[in-house]
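Q: The structure follows.
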Amino acid sequence: MSNEKRKLIAGNWKMNGLLQEAKDFMDDFGSNPAPDHIEVGLMPPFTLLHSMSDRLAEMGIALGAQNVYYEDKGAFTGSICPMMLRDAGCHYVIIGHSERRSIIGESNAQIRSKMNASWLHGLEPILCIGETLEQREKGVTNTVLAEQLAVLKGAPKSAPLTVAYEPVWAIGTGLTASVEQVTETHAFVHAELQRLGHDCRVLYGGSVNPGNAEELMGCPGVEGALVGGASLKADSFMAIVQAAAKASS
């Protein structure tokens, strides 16, 4: 992978965050700018996108959304289209998160449609992939990840893309994959991406916190993190950013 790629530390707030909490976060984080060689992104709920957009831009933090629909407009109650996200100042959009795959039942076909729509309107997808504990214990992790990455078949090679490997069994559980598991799996993901003709960053996600971030960010093939709960507070999120910077120096 290219050494020119900056590590991306992206915070996924999930269904958390009210306006005052967002203001407090930006006030606290703003006094600790991120190092130049680390990119920082934040994915708050839809309700906070517009209110956070200008301030985050001033702070040098990229704005992203947690989901998108694949139609431009119409009678799709409760859905948000790519143009709405661009209008709110978004650069990134998370697509295919395991919680949406398992809870909402999103299919690979829907995920590919969302990616196509995002690319059409200038958004960069963060494509999430990952296996369950049962799948890892059965030894089919690589098969599962290859099936999930298959949504990239035929996709434009120049399309902006970030992939986030998040073992489902490590999301919000406090469990973290070992250095050996992370290194081995990221090597496979990079090889599969290369086979599909894509050269992009691969993030790690799954209970990333200030205590394990430096070790995880130092693993070969890990080019950033998709952070959940630890991104809700400015101090813990900044600690992860600083850990990534240290691992990259």
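Q: Could you list, in sequence order, the residues of region 142-176 that are hydrophobic (A, V, I, L, M, F, W, C), in a loop (DSSP other than H, G, I, E, B) and open to solvent by less than 10 Å² (accessible area, probe 1.4 Å)? Before you say what the answer is, go through the steps one by one.
A: Narrowing region 142-176 to residues hydrophobic (A, V, I, L, M, F, W, C): 144-146, 149-152, 155, 159, 161, 163-164, 168-171, 175.
Retained after the next criterion (residues that are in a loop (DSSP other than H, G, I, E, B)): 155, 159, 161, 171, 175.
Residue satisfying the conditions is ALA155 alone.
Q: Can we say ILE103 is of a type in the set (Val, Ile, Thr), free of Cβ contacts under 8 Å to residues at least 12 places away in the same chain, in a helix (DSSP H, G or I) and on the phi < 0 side of the Ramachandran plot? Full working, then the answer.
A: On the way: of a type in the set (Val, Ile, Thr): yes; free of Cβ contacts under 8 Å to residues at least 12 places away in the same chain: yes; in a helix (DSSP H, G or I): yes; on the phi < 0 side of the Ramachandran plot: yes.
In short, yes.
Q: Given VAL208, VAL202, VAL222, which one is surrounded by 21 or more Cβ atoms within 10 Å (Cβ to Cβ), touching a His at 6+ places or on another chain (Cβ under 7 Å), assigned to a loop (DSSP other than H, G, I, E, B) and not basic (Lys, Arg)?
A: On the way: VAL208 fails: touching a His at 6+ places or on another chain (Cβ under 7 Å); VAL202 fails: assigned to a loop (DSSP other than H, G, I, E, B).
Going through VAL208, VAL202, VAL222 in turn, the sole match is VAL222.
Q: Any idea which of ILE111, ILE94 is over 20 Å from SER53 (Cβ atoms), within 18 Å of the chain's Cα centre (by Cα) and surrounded by 13 or more Cβ atoms within 10 Å (Cβ to Cβ)?
A: Details: ILE94 fails: over 20 Å from SER53 (Cβ atoms).
Just one listed residue meets the conditions, ILE111.
Q: In addition: Answer yes or no as to whether ASN16 is outside any strand (DSSP E or B), touching a helix residue (DSSP H, G or I) at 6+ places or on another chain (Cβ under 6 Å) and either within 24 Å of MET217 (Cβ to Cβ) or open to solvent by 60 Å² or more (accessible area, probe 1.4 Å) (or both).
A: Working: outside any strand (DSSP E or B): yes; touching a helix residue (DSSP H, G or I) at 6+ places or on another chain (Cβ under 6 Å): no; either within 24 Å of MET217 (Cβ to Cβ) or open to solvent by 60 Å² or more (accessible area, probe 1.4 Å) (or both): yes.
Spelling it out, it is not the case that ASN16 is outside any strand (DSSP E or B), touching a helix residue (DSSP H, G or I) at 6+ places or on another chain (Cβ under 6 Å) and either within 24 Å of MET217 (Cβ to Cβ) or open to solvent by 60 Å² or more (accessible area, probe 1.4 Å) (or both).
Q: Restricting to region 124-141, count the residues that are more than 19 Å from ASN108 (Cβ to Cβ), in contact with a helix residue (DSSP H, G or I) (Cβ under 9 Å, 6 or more places away or on another chain) and either basic (Lys, Arg) or open to solvent by less than 10 Å² (accessible area, probe 1.4 Å) (or both).
A: 1
The values are calculated or read from the model by the stated rules, or taken from the named source; none is laboratory data. Just so it is clear, the structure is predicted and the values come from calculations on it, not from any experiment. Note that each Cβ is placed from the backbone with ideal geometry, even for glycine, and that neighbours are counted across all protein chains shown. Surface accessibility is based on the protein's heavy atoms, side chains included, excluding ligands, DNA and RNA. Shrake-Rupley method; radii C 1.70, N 1.55, O 1.52, S 1.80 Å.
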